[in-house]
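One structure is given below, encoded as structure tokens.
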Amino acid sequence: MPAVSDGATLFQAQQWVAGYADPVVGPVSLTLSRGEIVGLSGPNGAGKSTLLRSLLGLARIHAGHWETRPDLVWRYLPQRPVRPAQAPLNGTEMLRLMQADRLPPPARLAAKLDRRVDRLSGGEYQLLQLWCTLAGPGDVVLLDEPTNNLDPEHGQFAAQAILDRRSAHGTLIVSHDADFLARVCDRCVEVSS
């Protein structure tokens, strides 16, 4: 994979086609720079999550030209974060484990960090995982449906957390919530299969 030479650009893809045994999505072209938030929108089954997974080597890139900065560090929030059935680990310990304890978390989240992660509600766990992804070390943050399990109030909190951390990395967001994407993204790329 060639390296990009532009100092601000983290990665760029031209005519990117991704999938598994066979192509699922593409071609898609996009560029992402530090401080930029780009949304991936499109209908269910269009392959938006597959695009994110291909960046991590979890899906195959079938075609296209791809350039990235050397030694790029990726952070990923999957669509359905794995939630341990029983985990004697509290939120503070989870942040430390995920290397996301260098920044103080927002007050709403900080109030829940003494609780075991297996006893958090679905929305509380989603916010903890979102903060772990945003606050940890990384150049590119990939968020797959970050508002899953969140009510509208927590969705606003998630949007603000993403915006507050934007300068630390480039962010790609998959969401079906057009209002959420409009609120947080600099631009959106329409994805179709």
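The values are calculated or read from the model by the stated rules, or taken from the named source; none is laboratory data. Fair warning: this is a prediction, and the values are worked out from it, not measured in the lab. Neighbour counts are summed over all protein chains in view; Cβ atoms, including those assigned to glycine, are modelled from backbone coordinates with ideal geometry. These accessible areas exclude ligands, DNA and RNA; they are computed on the full protein's heavy atoms, side chains included. Shrake-Rupley method; radii C 1.70, N 1.55, O 1.52, S 1.80 Å.
Structure values in brief
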{"item": "Residue that is nearest to S49 (Cα to Cα), among those in region 150-179 that are touching a residue at least 60 places away in the same chain (Cβ under 8 Å) and open to solvent by 70 Å² or more (accessible area, probe 1.4 Å)", "result": "H176"}
{"item": "Test: residue in region 172-179 that is under 16 Å from the mean Cα position of the chain (by Cα), farther than 26 Å from V24 by Cα and outside any strand (DSSP E or B)", "result": "no"}
{"item": "Scan of region 42-53 for residues that are at pLDDT 90 or above and more than 16 Å from V141 (Cβ to Cβ), ordered by number", "result": "T50"}
{"item": "Filter pass, V117 being surrounded by 14 or more Cβ atoms within 10 Å (Cβ to Cβ), touching a residue at least 60 places away in the same chain (Cβ under 8 Å), touching a Gly at 6+ places or on another chain (Cβ under 7 Å) and closer than 26 Å to V174 by Cα", "result": "no"}
{"item": "Some residue of region 141-149 being buried (at least 18 other Cβ atoms within 10 Å of the Cβ) and among the β-branched types (V, I, T)", "result": "yes"}
{"item": "Hits in region 121-171 (condition: among the β-branched types (V, I, T), touching a Ser or Thr at 6+ places or on another chain (Cβ under 8 Å) and not in a strand (DSSP E or B))", "result": "T147, I162"}
{"item": "Selection count, region 56-113, where residues are of a type in the set (D, E), open to solvent by 60 Å² or more (accessible area, probe 1.4 Å) and over 16 Å from C132 (Cβ atoms)", "result": "1"}
{"item": "Looking only at region 180-193, and only at residues there that are crowded, with 17+ Cβ neighbours inside 10 Å and assigned to a loop (DSSP other than H, G, I, E, B), the one that is nearest to the chain's Cα centre (by Cα)", "result": "C185"}
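Let's see how each residue does on (1) more than 20 Å from the chain's Cα centre (by Cα); (2) outside any helix (DSSP H, G or I); (3) more than 17 Å from E124 (Cβ to Cβ); (4) not basic (K, R):
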residue: L58; (1), (2), (3), (4): no, yes, yes, yes
residue: L72; (1), (2), (3), (4): no, yes, yes, yes
residue: R75; (1), (2), (3), (4): no, yes, yes, no
residue: R80; (1), (2), (3), (4): no, yes, no, no
residue: A85; (1), (2), (3), (4): yes, yes, no, yes
residue: T92; (1), (2), (3), (4): yes, no, no, yes
